[in-house]
Amino acid sequence: MSQQRPKRQQSANPLHKPWTKSDKRAEARPAAGRVFKAVQDNEGKVYGENACRVLFSQRPDSLIRLYMSQQMAPKFADVMKYLAAAKKAYHLVDDAELEKVAGSSHHGGVVMLVKRKPVRSVAQYLTQKGLKKDCLLALDGVGNPHNLGAITRSCAHFGVSGVVMTQPELLQSGAALRTAEGGGEFVEGLACDNLPLALKLCKDAGYTLITTSSHAGTSLYQSKLPAKVVIVFGEEMDGVSHSVAKSTDIALQIPGSGKVESLNVSVAASLILGEWFRQQQG
């Protein structure tokens with residue numbers, strides 16, 4: 001099978017020879033902007049070693065192009081081999097260009113241009129039959145990509161498959177996916193136009209709605225958490241909106257010393273998800 005070489009002669013063919021630090025053909029491209037192409041609406045960037053490795057293991061067909069530093073090339077030789085066979089491009093570039101491609105200095109030496117995962121609506125998700133045990137998250141105004149990434153990572157760890165949001169595309173931002181350390185491949189954003197209406201659909205489908213309160217509610221560790229739940233979190237400054245809070249069934253409080261008013265939303269999510277997961281193991 002013929003292999004497609006990158007346009008510059010310095011790019012070695014991983015089918016024939018492993019990448020080495022001294023390989024002159026693996027010299028990083030110094031001129032920024034030459035290989036970076038415009039991103040389409042259905043495309044996104046993923047960066048960071050773990051996020052890129054997990055993406056490639058889960059959906060290699062979505063990979064469009066690969067950019068990496070010379071130092072990262074040996075770790076991604078299998079990805080380069082795959083791209084060469086698929087006649088797709090990969091590029092060795094320097095850190096300055098990686099930062100331009102990623103739009104972040106936290107690229108970790110590797111950036112993938114990929115097709116975004118399709119987004120389902122909450123209503124479509126709820127058409128699944130036979131779910132006797134399921135946990136979803138619903139986010140009311142949470143938009144910080146690092147919080148979203150940390151929440152996604154916890155969701156993947158505790159087997160939560162969906163996050164209900166009015167802007168589910170935020171879960172597929174480069175910063176959120178990098179922070180999720182690969183967890184973004186196992187958690188989908190579930191779209192809704194109106195969060196209270198989406199929560200009503202979940203309740204009608206047999207889910208119990210749970211929210212948190214730093215001033216009221218039952219202790220997390222004294223509560224029996226149902227098998228089918230939607231746990232609702234609000235953004236850190238104001239919490240869950242009134243219209244959302246009044247639709248919930250259970251209010252939980254995470255016990256602590258009281259020296260701080262509340263926990264970061266991603267930390268609170270991790271604690272509650274961990275307790276739900278623990279209770280379902282019996």
Review point. If you take the square roots of the eigenvalues of the alpha-carbon gyration tensor of the stretch 166-225 and sort them as a ≥ b ≥ c, do you get rounded (a/c under 1.5), prolate (a/b over b/c) or oblate?
Key: oblate
Check your understanding: Tell me, what is the per residue accessible area of the stretch 188-255 in Å², probe radius 1.4 Å?
Key -> 50 Å²
**Study point:** Protein accessible area in the stretch 209-282, 1.4 Å probe - carbon and sulfur %
**Key:** 52 percent
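Please sort 90-96, 128-134 by packing, taking for each peptide the average over its residues of neighbouring beta carbons within 10 angstrom, highest first.
The densest-packed peptide leads the list: 90-96, 128-134.
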Practice item. Given a cut-off of 24 Å, name the pairs among Lys115/Lys228; Lys132/Lys203; Lys129/Lys200; Lys45/Lys200 whose C-alpha atoms lie farther apart than that in the structure shown. Key: Lys115/Lys228; Lys45/Lys200
Check your understanding: From the residues Ala89, Met72, Ser105, which one has its Cα farthest along the dipole of the stretch 70-121 in the positive direction, the dipole being from +1 and -1 charges on Cβ of Lys/Arg and Asp/Glu about the Cα centre?
Key -> Ala89
Check your understanding: Using +1 on the beta carbon of Lys and Arg, -1 on that of Asp and Glu, and nothing else charged, what's the dipole of the stretch 72-133 about the Cα centre, debye to 20?
Key -> 800 debye
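The values are calculated or read from the model by the stated rules, or taken from the named source; none is laboratory data. Computed from a predicted model, the values in this text were never measured in an experiment. Here Cβ is always computed from backbone atoms with ideal geometry, including for glycine, and neighbour counts include all displayed protein chains. Accessible surface areas use protein heavy atoms only, side chains included; no ligands, DNA or RNA. Shrake-Rupley method; radii C 1.70, N 1.55, O 1.52, S 1.80 Å.
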